[in-house]
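The values are calculated or read from the model by the stated rules, or taken from the named source; none is laboratory data. Small disclaimer: the values here were computed from a predicted structure and weren't measured. All Cβ positions, even for glycine, are placed from backbone atoms using ideal geometry, and neighbour counts span all protein chains on display.
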Amino acid sequence: MKRYLVLAVLLAIVASLSARQPSIIENVLVSNVEEKVSSLQELIGFDDAQAQRLRQMELNFLLEVNKAERCFLCNKKKRIEKLKEKRDTELQKILERDQYIKYQSLENDLLNRNNRLWLENEKQRIM
């Protein structure tokens, strides 16, 4: 009887320790979000407070999408669409209108990374 009790306690300890450590996927998502927001901040020019809010929002979005994709009985497509709508609404709250438009354009690959003339002209005009 004592063996079972000790085994149960050990399993509980191992489970609690493993639950506290971020997963490999979460670590990859964090680095991906950091890189994405940093590069977009350089291109668009939003401030550090906006960048921090964007990092948190993007990470939450990706983690929720990851959960939705692993859900067996869920309507994945509908759930992910709701998450996209929520993300879009939050983006509009965080960024100014012109920043939001540029963010969406860059994210949707509407701008070619090799052809950034209008961004350079915008930077020169602002300065």
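Structure notes:
- Cross-chain or 6+ apart pairs with Cβ under 7 Å, the stretch 82-103 first and closer than 20 Å to Glu42 by Cα, then in a loop (DSSP other than H, G, I, E, B) and of a type in the set (A, V, I, L, M, F, W, C): Leu95/Phe46; Gln99/Phe46; Tyr103/Leu95
- Just one residue in the set Phe61, Phe46 is modelled with pLDDT of 90 or more, among the aromatic types (Phe, Trp, Tyr) and assigned to a loop (DSSP other than H, G, I, E, B); that residue is Phe46.
- Of the residues making up the stretch 80-103, none is modelled with pLDDT under 90 and of a type in the set (A, V, I, L, M).
- Flag for Leu54 being at pLDDT 90 or above and part of a helix (DSSP H, G or I): yes
- Meets criteria (under 24 Å from Ser23 (Cβ atoms) and not aromatic (Phe, Trp, Tyr)) for Glu35: yes
- Among (1) within 16 Å of Glu107 (Cα to Cα); (2) surrounded by 12 or more Cβ atoms within 10 Å (Cβ to Cβ) - the single one Thr89 does not satisfy: (2)
- Checking each residue in the stretch 14-39 for being surrounded by 10 or more Cβ atoms within 10 Å (Cβ to Cβ), assigned to a helix (DSSP H, G or I), over 13 Å from the mean Cα position of the chain (by Cα) and at pLDDT 65 or above picks out only Ser39.
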